[in-house]
Amino acid sequence: MTPASTELAQERPRVAVWKFSSCDGCQLTLLDCEDELLTVAERVELAYFLEAGAVGDGGKGLYDLSLVEGSITTPGDLDRIQDVRRRSTRLVTIGACASAGGIQALRNFTEVEQFLGIVYAQPQFISTLEESTAISDHVEVDFELRGCPIDKNQLLEVIAAFTNGRPPAIPGHSVCVECKLRGNVCVTVAQGVPCLGPVTHAGCGALCPTYHRGCYGCFGPSETANVAGVAVELRRHGMDEHEIELAMHTFNTWSPELRDYPPSAPTPTGEQP
Amino acid sequence: MLSTGDDITVNHPEEHDSESDDDPSGSSAVVLGLDGLAALIAALWDRGYRVVGPTVRDSAIVLDELLTADSLPIGWGDEQAPGHYRLRRREDQARFGYVVGPQSPRQELSPQKVALVKIRRTADGFDADAVDPTPAAPIAFIGLRGCELAAMGIHDRVMIGGAHPDPVQSARGADRFVVGVDCGDPAATCFCTSMGTGPTAGAEMGPDNTETADLRLCELIDDDRHDFLCHVTSKAGAEVMETLEHRPANTADHLAAQEVRHRAVQCIEKHLDTDGLADRLMAVPDHPRWDEVAERCLSCTNCTLVCPTCFCSTIDDVGDLAGEMTTRTRVWDSCFTLDHSYLHGGAVHATTRSQYHQWLTHKLSTWWDQFGESGCVGCGRCTTWCPAGIDLVEEATALSRAPEINR
Ligand code: SF4
Ligand code: SF4
Ligand code: SF4
Ligand code: SF4
């Protein structure tokens, strides 16, 4: 084992937190690290973090680690993410928006013009892109931290890993593993509750199944997600096609595994609810 | 009933030999009442064991600390099918009227997460301290079934039987006490008779199955009685029994136990043809059935994590933020994760098809090559707790036939 790099020991790594199209929930997770926040602040220099009032150099410096929240939705975002990338040694996306396009990517399935007229009184002042996309569609990303919102302990692990020069211990397997590690009884098998856990990336600690709810898929698809396969099980536990489609299209709707659901030839069953 | 201290012996099988033709072990048999069962649990706590047994939680029968016999799943049974488990109310007040739940002794003997080493940065390097795996108290298991005893035996041979015994499992399994229970009401997913592990708790075990219960109960319930035929099969078992109220078993008791066993065997509908199975499965890597099952399989890992014989784990080194302290932790893993087979540059089992192939052939084929026995004890957990309802027996059977026949 080699000691952490000597530069790190002498000078605290500079961390910046950036926001694109998002709700701020993932950045807030960092502020929610109440017990650990002092250690974080000792260990790293929060050089630019507007949400915490750390204006610092106004985002004009160079950073060892950038945490990027939010998806790319405007022409301005397109330029800004390139700038962020240039300023960052390591770039980690935090949350479903930055990692998969977020709930706002639902608009990718329709014409954005339709929304503009409905939502805004004077749509001519709105400058927006056709699609809401993940950061990795635009620049190279060193690590994607999943979740809507992200998990506090995983965020701390990412910061600890990147500032100590090691890979983060964040596995890509299913939520079912977390259920079993906690000793949970499977709600699908024992209660017939539909659950997206078998195809959802771990990270939440199986929060919903622990409280007898099915998994909603906040962390997006797991490493070998069989989306069509889980749809069969959701159907077996009473969901109709419309409900299944809604379940697949939430925070991670634009992730490659989910965006094409249902597969082009829809099953000819059932009426609309 | 005789009371404690009366001059009955529990260690002289000759007394009952003529009656106990279901009792090839040469152990002695007594009859324990419901109060006796409660006293047994209390006595085990008194003797310093941590008593672990079945109890109802979260819509299933799980293993947990059992403070008293009141926490047993009194009057509960279970209904099982591929991808399906429901608790059901029984018409009687049976204490062991269910089969097996989603958990097994594995979680006690080799828990999901175990800290192995703590590594601390020092001025001139680091200090590493192994974490002592010795539990505060030895474990007493209540209610383990034949398949679970067989699985414990397999785990012991794999984990501590070789040249490098696992310190965790050695420490946690040391001095354990086991109360086995014959199954009276097997589930639709059970196939212990095919694997030679049940439905009685230990009777059919082959010479390789060294794991036996210290006490083996058979629950006897009808209009006139509710008690337990209890075989005393070890010295530790006899010592505990001496402190409990009981009476010697008579012919009627043995006949009643035989009847329970007979009914249980009749109940078991699932059969796996194990003759040449290991070779038959390995001979068909291109069978189309692998593709079909891979379409259904969700690579969720449930089958492996509920299996009482699966032993795979991964090592997590997690450091704190300050970079001062790292804990090396052993965590359950499964061949349905990509990390499980990750070598330089990628996973060996990168597709669900390949993962499923690894799982099924390890349980039924390559386990023989590695350990000289089957890796499956026929408990049915993988089938019940598979959210996609994939049935091990059905898959193994289809795969060991020529593809045309399946069509
Ligand atoms: S409750 Fe959901 S996440 Fe948990 S094991 Fe069952 S299917 Fe998997
Ligand atoms: S390789 Fe798979 S089937 Fe074999 S012990 Fe490990 S988890 Fe179980
Ligand atoms: S493979 Fe399935 S039936 Fe066999 S021991 Fe494991 S869980 Fe039980
Ligand atoms: S066989 Fe079933 S339990 Fe096992 S990984 Fe596949 S879907 Fe999950």
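Across segment B:257-306, which residue is least open to solvent (accessible area, probe 1.4 Å) among those that are among the charged types (D, E, K, R) and within 16 Å of ligand 4 (Cβ to nearest atom)?
So the residue we want is B:ARG289.
So B:LEU37 fits all but one of (1) in a helix (DSSP H, G or I); (2) at pLDDT below 95; (3) not small (Gly, Ala, Ser); what number is the exception?
Tallying (1) in a helix (DSSP H, G or I); (2) at pLDDT below 95; (3) not small (Gly, Ala, Ser), B:LEU37 fails exactly one: (2).
Checking B:VAL56 against (1) within 18 Å of the chain's Cα centre (by Cα); (2) closer than 25 Å to B:ASP222 by Cα; (3) open to solvent by 20 Å² or more (accessible area, probe 1.4 Å); (4) more than 14 Å from every other protein chain (Cβ to nearest Cβ), which single condition isn't satisfied?
It fails just one condition, (4).
Give me a count of the residues in segment A:171-184 that are within 19 Å of A:LEU234 (Cβ to Cβ) and either without any contact (Cβ under 8 Å) to a residue 24 or more places away in the chain or in a helix (DSSP H, G or I) (or both).
Residues that pass the stated criteria total 3.
Looking at segment A:91-140, which of its residues are surrounded by 12 or more Cβ atoms within 10 Å (Cβ to Cβ) and β-branched (Val, Ile, Thr)?
A:VAL92, A:THR93, A:ILE94, A:ILE103, A:VAL112, A:ILE126, A:THR128, A:THR133, A:ILE135, A:VAL139
Can you name the residue in segment A:211-229 that is more than 22 Å from A:GLY183 (Cα to Cα) and open to solvent by less than 20 Å² (accessible area, probe 1.4 Å) and, of all such residues, is nearest to ligand 4 (Cβ to nearest atom)?
A:GLY229
For segment A:177-193, name all the residues that are away from ligand 4 (no atom under 12 Å from the Cβ) and either under 21 Å from B:TRP332 (Cα atoms) or buried (at least 22 other Cβ atoms within 10 Å of the Cβ) (or both).
A:GLU178, A:LEU181, A:ARG182, A:GLY183, A:ASN184, A:VAL185, A:VAL187, A:ALA190
Checking the structure you have, find out if any residue of segment B:314-327 is within 23 Å of the chain's Cα centre (by Cα), more than 21 Å from B:LEU399 (Cα to Cα), away from ligand 1 (no atom under 16 Å from the Cβ) and in contact (Cβ under 8 Å) with a residue 12 or more places away in the chain.
Yes, segment B:314-327 contains at least one residue that is within 23 Å of the chain's Cα centre (by Cα), more than 21 Å from B:LEU399 (Cα to Cα), away from ligand 1 (no atom under 16 Å from the Cβ) and in contact (Cβ under 8 Å) with a residue 12 or more places away in the chain.
Being more than 16 Å from ligand 2 (Cβ to nearest atom) and within 18 Å of the chain's Cα centre (by Cα): is that true of A:VAL189 here?
Criteria not met by A:VAL189.
Restricted to segment B:316-337, and to residues that are facing chain A (nearest Cβ under 8 Å) and away from ligand 2 (no atom under 13 Å from the Cβ), which residue is nearest to A:PRO198 (Cα to Cα)?
Among residues in segment B:316-337 that are facing chain A (nearest Cβ under 8 Å) and away from ligand 2 (no atom under 13 Å from the Cβ), the one nearest to A:PRO198 (Cα to Cα) is B:ASP316.
Given B:ALA136, B:ALA128, which one is within 14 Å of another protein chain (Cβ to nearest Cβ), of a type in the set (Gly, Ala, Ser) and open to solvent by 50 Å² or more (accessible area, probe 1.4 Å)?
Every option except B:ALA128 fails the conditions.
Kindly indicate whether any position in segment B:271-289 is away from ligand 1 (no atom under 16 Å from the Cβ) and either touching a strand residue (DSSP E or B) at 6+ places or on another chain (Cβ under 8 Å) or within 14 Å of chain A (Cβ to nearest Cβ) (or both).
No, segment B:271-289 has no match at all.
Just give me the residues in segment A:107-139 being part of a loop (DSSP other than H, G, I, E, B), within 20 Å of A:ASP79 (Cβ to Cβ) and among the hydrophobic types (A, V, I, L, M, F, W, C), in sequence order.
Of everything in segment A:107-139, those that are part of a loop (DSSP other than H, G, I, E, B), within 20 Å of A:ASP79 (Cβ to Cβ) and among the hydrophobic types (A, V, I, L, M, F, W, C) turn out to be A:ILE126, A:LEU129, A:ALA134, A:VAL139.
Check B:ALA123, B:ALA128, B:ALA137 and return the single one that is of a type outside the set (Asp, Glu) and either touching a Cys at 6+ places or on another chain (Cβ under 6 Å) or at pLDDT below 95 (or both).
The conditions single out B:ALA123.
Give the residue, chosen from B:THR337, B:THR314, B:THR309, B:THR329, that is among the hydroxyl-bearing types (Ser, Thr, Tyr) and within 13 Å of ligand 4 (Cβ to nearest atom).
Exactly one of B:THR337, B:THR314, B:THR309, B:THR329 is among the hydroxyl-bearing types (Ser, Thr, Tyr) and within 13 Å of ligand 4 (Cβ to nearest atom), namely B:THR337.
Just checking, does segment B:85-97 include any residue being touching a Ser or Thr at 6+ places or on another chain (Cβ under 8 Å) and crowded, with 20+ Cβ neighbours inside 10 Å?
yes
For B:SER374, all conditions in the list (1) away from chain A (no Cβ under 14 Å); (2) in a helix (DSSP H, G or I); (3) hydroxyl-bearing (Ser, Thr, Tyr) hold save one; what is the number of the exception?
All conditions pass for B:SER374, except number (2).
Could you grab me the full set of residues in segment B:350-389 that are open to solvent by 10 Å² or more (accessible area, probe 1.4 Å), of a type in the set (Val, Ile, Thr) and within 16 Å of ligand 1 (Cβ to nearest atom)?
Within segment B:350-389, just B:THR352 meets the criteria.
In segment A:142-163, what residues are open to solvent by 30 Å² or more (accessible area, probe 1.4 Å) and either out of contact with any Leu (no Cβ under 6 Å at 6 or more places or on another chain) or more than 14 Å from chain B (Cβ to nearest Cβ) (or both)?
Listed by number, the residues that qualify are A:ASP142, A:PHE143, A:GLU144, A:ARG146, A:CYS148, A:PRO149, A:ASP151, A:LYS152, A:ASN153.
Of all residues in segment B:345-361, count the ones that are part of a loop (DSSP other than H, G, I, E, B) and either of a type in the set (Val, Ile, Thr) or away from ligand 2 (no atom under 11 Å from the Cβ) (or both).
Residues flagged as part of a loop (DSSP other than H, G, I, E, B) and either of a type in the set (Val, Ile, Thr) or away from ligand 2 (no atom under 11 Å from the Cβ) (or both) within segment B:345-361 amount to 4.
Search segment B:328-348 for residues being under 20 Å from B:ALA388 (Cα atoms) and away from ligand 3 (no atom under 16 Å from the Cβ), and hand back the single one that is least open to solvent (accessible area, probe 1.4 Å).
Across segment B:328-348, the extreme among qualifying residues is B:THR337.
Regarding segment B:122-138, can at least one residue be identified that is assigned to a helix (DSSP H, G or I) and acidic (Asp, Glu)?
no
Regarding segment B:272-295, can at least one residue be identified that is closer than 19 Å to B:CYS147 by Cα, away from ligand 3 (no atom under 14 Å from the Cβ) and modelled with pLDDT of 95 or more?
yes
The values are calculated or read from the model by the stated rules, or taken from the named source; none is laboratory data. Predicted model only: the values in this text are computed from it and were never measured. FYI the Cβ positions are ideal-geometry reconstructions off the backbone, even for glycines, and counts take in every protein chain you see. In case anyone asks, the SASA skips ligands and DNA or RNA and just uses the protein heavy atoms, side chains included. Shrake-Rupley method; radii C 1.70, N 1.55, O 1.52, S 1.80 Å.
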